[in-house]
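Notes to accompany the following structure.
Laboratory data are not the source of any read-out in this text; all were calculated from the coordinates shown. Only a predicted model underlies this, so the values are computations on that prediction, with no experimental measurement involved. In this analysis, Cβ positions are derived from the backbone assuming ideal geometry, glycine residues included, and neighbour counts consider all displayed protein chains.
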Amino acid sequence: MKKFLLVIFYLFSLMVSLNAQNNISKLEKRLRTESGKDKFHTQYKLSKLYLTISPKKSLSYAIKAYENAKKLESLNMQANALNLIGTAYYKQEKYKLTIRFYEKELTIREKLNQKTSEAKTLFNIGTAYEANKKERKALISYQQALKAAKSIKYPDLVYKAYESIIRIFTNQNNFKEAFWYLQESNIYKGATKVTREQRKINILETKYEERKKELKEKESELSLIDSTLSIIQLENETLEHETARKNIRINNLTTETEEQRLTIAVKDAEVKRHRQWLISFAVFFTLILIFSILLYKSYKEKKKAIKLLAMQNTEILEKNEEIASQSDELQIQRDIALKSKQEIIDSINYAKRIQKAIFPSKNYVNEILQDYFVLLKPRDIVSGDFYWIKKIRNFTIIAVADCTGHGVPGAFMSMLGISFLNEIVGPKSLESTDVILNHLRNKVKKSLRQKGKDGETKDGMDIALYIINTETLELQYSGAYNPLYIISEDTKPQLNIIKADRQPIAVHVIENDFTNHKFQLKKGDCLYSFSDGYTAQFGGKNGQKFKPNNFKEVLLANYKKPMSEQKKVLTKTIDKWMGKNHEQVDDIIVLGVRV
């Protein structure tokens, strides 16, 4: 009898499942052609059908229904969809999201004044809080749901709310409150019992009549199922006999197959031995063949080499005779080349003396500046880097420049730069630093005939130019690529960088007037102007550039020392950086002044 009932239950479940799947397929097919409210209702139905089968798919359809409801601007549809979204998250045990969407639903229900739905939603929120172990919040929601259910005379929800509140107080061992709510629940049940019981009787009578009809239908279905089961049982018995016969045949075949497998294994072993022997022979034969070919090639190459050596010996004898006759002529040419080189070096050394004479003299600089240094290291005897210092009344003007190129070409440009600065800056024509650089650029462009055309020379210079008012200690600065570093000491040393304009003293793609920067100096401040030769020098373990950050660190570490000592430190640092493996790549100049 139990087996029979199980079969009935299984068949019934199967029919329900198939019916649900059939409904889902029909709704999904219909959804492809629908729009507007019809589309919403189909999405809503699909979400409800999927709730028990696949909560994730239910959630997907509920979200789509909600988006559709927003487009239709229907608050009621939105609230219904939000309820399904919350329920789908509840099925997946994502309680925080459940509460979030139930609360959204509650806001809309309150706006629409849907009291029954408000009460249900409050109860649902309490259920989600309780599942999430938030009993205090769950209790508040259940109490709100209880109040709302009583106000609309919704006894079923009132009973559920009482049960939930009593359960939470009991779990918290708060038996006093649990007992109080139990009493209140019993009083409420007594008040509503008569009407409810009468209504239940009416409902039960109706259901009884319906059940009678259903039972008759079920009896006819069961008789049909009994006959079907008898047929299935006969088929099973026939199948069992057939299976037994086949098992006997399979056992016989297994025995024959095992014998054949052993025979095949023996033959496979013999074939494997023959194959290994053939492979060994083939390898041996191949090695002999390769060795023979190599010997033959070696013999041919040696024969060819002997012939070639004989020819080369003859050529060597002939060339030795030529070399012997040319050695005297080469000696003469070498002597001429050495003499020419010495003459060039002498000329450059003389040019160095001329360049040095054009630079400000040491005595003149000593009169203007008290504590200073000039580190000048030309790459090729004469330098493309230069410095220029001048005193006019209570103003000290200092310039440090890096001309295009180095060696003799750079030296020519440096002499040109010094000459132009002497022309521009005079006792009666002392102007601001930006005006001086504008004049200097115009003179360089004019003297080198630079008009910005393709193919013409773009030689010029980068420069840092500043003026110090020795009475007020106000500083003016303008620069073409070359910045000015100022180290001041308040509570701790601070390196201020006054940036230069990104344009040279020469023709440029976009030419603007140079910027005039002002800075209030204090006694003891250290000023450093320089070319890029120091920071661009290659060296160290990995052959890298010295870089500006390392230069700043050296200055900050030694600025308190006398300027002459700072020069020694900078010279020693760059020499050590270059070492024996790296040559100087550019002219180097650094000029330091203490105010």
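A protection proxy built from the mean count of other Cβ atoms within 10 Å ranks the segments 496-507, 421-432, most packed first, as 496-507, 421-432.
Most tightly packed first, judged by the mean number of other beta-carbon atoms within 10 Å of their residues, the peptides 396-407, 541-552, 473-484 read 396-407, 473-484, 541-552. Cα convex hull, region 100-160: 66 Å³ per residue, rounded to a whole number.
Distance between the 7 Å Cα→Cβ label points at Arg502 and Ala536: 1.7 nm.
Normalising the Debye intensity of region 523-595 to I(0), with uniform scatterers on Cα atoms only, and taking log10 at q = 0.28 Å⁻¹ returns -1.43. Applying both filters, DSSP loop and at most 15 other Cβ atoms within 10 Å, to the GluC sites (Glu not before Pro) of region 90-174 gives Glu93. Compared with the alpha-carbon gap, the fully stretched path from Val435 to Ser74 is longer by 122.6 nm at 0.36 nm per residue. Its residues counted as N, region 382-437 yields a C-alpha radius of gyration over 2.2 N^0.38 Å of 1.20. According to the calculation over all Cα-Cα pairs in region 420-561, the P(r) per 10 Å bin from zero is 10, 33, 32, 20, 5, 0 %. Here's the picture: a label point sits 7 Å out from the Cα of Arg353 along the beta-carbon direction, and within region 362-391 the residues with their amide nitrogen under 16 Å of it are 382. Each residue, Asn422 and Asp454, gets one label point 7 Å from its Cα in the Cβ direction; the gap between the two is 4.1 nm. Between Ser35 and Lys153, the simple label model (points 7 Å from Cα in the Cβ direction) yields a spacing of 4.7 nm.
Of the trypsin sites (Lys or Arg not before Pro) found in region 378-418, those that fall in a DSSP loop while having at most 13 other beta-carbon atoms within 10 Å are Arg393.
Assign one of three labels to region 489-573, namely rounded, prolate or oblate, based on the Cα gyration tensor with a ≥ b ≥ c the square roots of its eigenvalues; rounded applies when a/c is under 1.5, prolate when it is not and a/b is larger than b/c, and oblate otherwise. It comes out oblate by the Cα gyration axes. For region 45-112, the square roots of the Cα gyration tensor eigenvalues, ordered a ≥ b ≥ c, give a/c of at least 1.5 with a/b no greater than b/c, which places it in the oblate category.
Calculated from the alpha-carbon coordinates, region 333-453 shows an Rg and a Dmax of 17.2, 60 Å respectively. For region 330-398 versus region 516-572, the inter-centroid distance based on Cα atoms is 22 Å.
Taking R0 as 60 Å, what FRET efficiency do you get between Arg136 and Ala557 from their Cβ-Cβ distance, rounded to the nearest 0.05? The formula returns an efficiency of 0.40 here.
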